[in-house]
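A quick write-up on the structure given underneath.
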Amino acid sequence: MQHNKKRIFYSKNLEMNFGGLYALADINIDVYEKEAVGLIGPNGSGKTTFFNVITGVYKATGGAFYFMDKNLLGKEPYEIAKSGISRTYQSSRLCLDLSLLDNILIGMYNNQTAGYFSSLFNRRRLIAEVRRFKNRAVELLNIFNPELIDRMFRPVGELPQIDRRRVEICRAMAGRPKIILLDEPSAGMTPDETKELMEDIKKVRSTMEDVSIIVVEHDMSVISTVSERVIAINFGKEIARGTYEEVSNHPEVRKAYLGKEV
Ligand SMILES: Nc1ncnc2c1ncn2[C@@H]1O[C@H](COP(=O)(O)OP(=O)(O)OP(=O)(O)O)[C@@H](O)[C@H]1O
Ligand SMILES: [Mg+2]
């Protein structure tokens, strides 16, 4: 399926043991350049834990994961972000009192060229950097909703859910990552907003052509529309992988979602 594409990420026997509970038991997930992978599984199956481990929030208790052939196990979150993996969160991590611009700027530190001290002592350089960051924020907002540019200095708390999610995606894109991890981006949205969100994800892929995406979702319309390949996990272990049709019809997956329509 992706023989001519380059594999940019993979995990090997990844394990996360929380005092006896294996949130991840044996996870081997690979991501190729420019692809969108859907990660599904029932509540508590380990999806968010997987994101937390590969962004350095938790240190895996076993296995390893590699990004661009570099072992990132044990690296700090900022180092991992800097190397090119960024994310959004299941529950919004926006600072509602801060402006749209400030929230996006938070995502830009790994793009920063001037260090704090050189910035302090070299005003011209600092001003140039701030201008560059602001231009990047405008460019990002313009992709999703040009109306947001006029509201750039307004607090994020004034925005409807869909626009908040857009600001979060802008923040994740700000540092020009190679992989974006989206944890339930449609959570809390109406069906119409979810449709817009799917368009937004398409825009991410068309404007950042070399980016790969892992999307975790309970909304199967998002998974089937957005992802080229789907991996299903349960109890921290893979139970199926393939196309959306293959995975959603897999007996193990149906069993895992017992009672829930996939
Ligand atoms: N910090 C932690 N300490 C202890 N247990 C944890 C911790 N984080 C997650 N878990 C447990 O690990 C398991 C997997 O949780 P996780 O949040 O990864 O599931 P999920 O697949 O994201 O579920 P959901 O679809 O509800 O978001 C759960 O049993 C959860 O209670
Ligand atoms: Mg989760």
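Can you tell me which residue is farthest from Val226 (Cα to Cα) among those in the range 178-195 that are within 16 Å of ligand 1 (Cβ to nearest atom) and touching a residue at least 40 places away in the same chain (Cβ under 8 Å)?
Ala187
For the range 205-251, which residues satisfy the criterion of being part of a loop (DSSP other than H, G, I, E, B) and within 17 Å of Ser186 (Cα to Cα)?
Glu217, His218, Asp219, Ser227
Pairs needed: first member in the range 16-45, in contact (Cβ under 8 Å) with a residue 60 or more places away in the chain; second member anywhere, among the acidic types (Asp, Glu) and part of a strand (DSSP E or B); C-beta distance under 6 Å; at least 6 residues apart or different chains.
That search, which allows pairs on different chains as well, returns Leu24/Glu15.
Kindly indicate the residue of the range 224-262 that is surrounded by 16 or more Cβ atoms within 10 Å (Cβ to Cβ), among the β-branched types (Val, Ile, Thr) and within 18 Å of Lys34 (Cβ to Cβ) and also nearest to the chain's Cα centre (by Cα) among those meeting that condition.
Val226
Taking the conditions exactly as written (more than 17 Å from Ile106 (Cβ to Cβ), more than 16 Å from ligand 1 (Cβ to nearest atom) and surrounded by fewer than 20 Cβ atoms within 10 Å (Cβ to Cβ)), does Ile149 satisfy them or not?
Yes: the conditions hold for Ile149.
Do you know which of the residues in the range 46-85 that are within 16 Å of ligand 2 (Cβ to nearest atom) and closer than 19 Å to Ile8 by Cβ is surrounded by the fewest Cβ atoms within 10 Å (Cβ to Cβ)?
If we take residues in the range 46-85 being within 16 Å of ligand 2 (Cβ to nearest atom) and closer than 19 Å to Ile8 by Cβ, then Thr55 is surrounded by the fewest Cβ atoms within 10 Å (Cβ to Cβ).
Only one of (1) closer than 14 Å to Leu100 by Cβ; (2) buried (at least 20 other Cβ atoms within 10 Å of the Cβ); (3) at pLDDT below 95 is not met by Val204, so which one is it?
So the condition that Val204 fails would be (1).
Of everything in the range 25-52, what is touching a Gly at 6+ places or on another chain (Cβ under 9 Å) and more than 8 Å from ligand 1 (Cβ to nearest atom)? Give them in sequence order.
Passing the criteria: Ala25, Asp26, Ile27, Asn28.
Which of the residues that make up the range 61-82 are more than 16 Å from Thr49 (Cα to Cα), without any contact (Cβ under 8 Å) to a residue 24 or more places away in the chain and in a helix (DSSP H, G or I)?
The answer is Glu79, and nothing else.
Quick test of your reading of the structure: Gly242 fulfils all but one of (1) within 16 Å of ligand 2 (Cβ to nearest atom); (2) free of Cβ contacts under 8 Å to residues at least 40 places away in the same chain; (3) touching a Lys or Arg at 6+ places or on another chain (Cβ under 8 Å). Name the failing condition by number.
(1)
Being closer than 18 Å to Lys178 by Cβ and within 14 Å of ligand 2 (Cβ to nearest atom) is the filter here, so list the residues in the range 16-45 that pass it.
Leu39
The values are calculated or read from the model by the stated rules, or taken from the named source; none is laboratory data. Every value quoted in this text rests on a predicted model; they were computed, and no experiment measured them. Cβ coordinates were reconstructed from backbone atoms using ideal geometry, including for glycine residues, and neighbour counts include every protein chain displayed.
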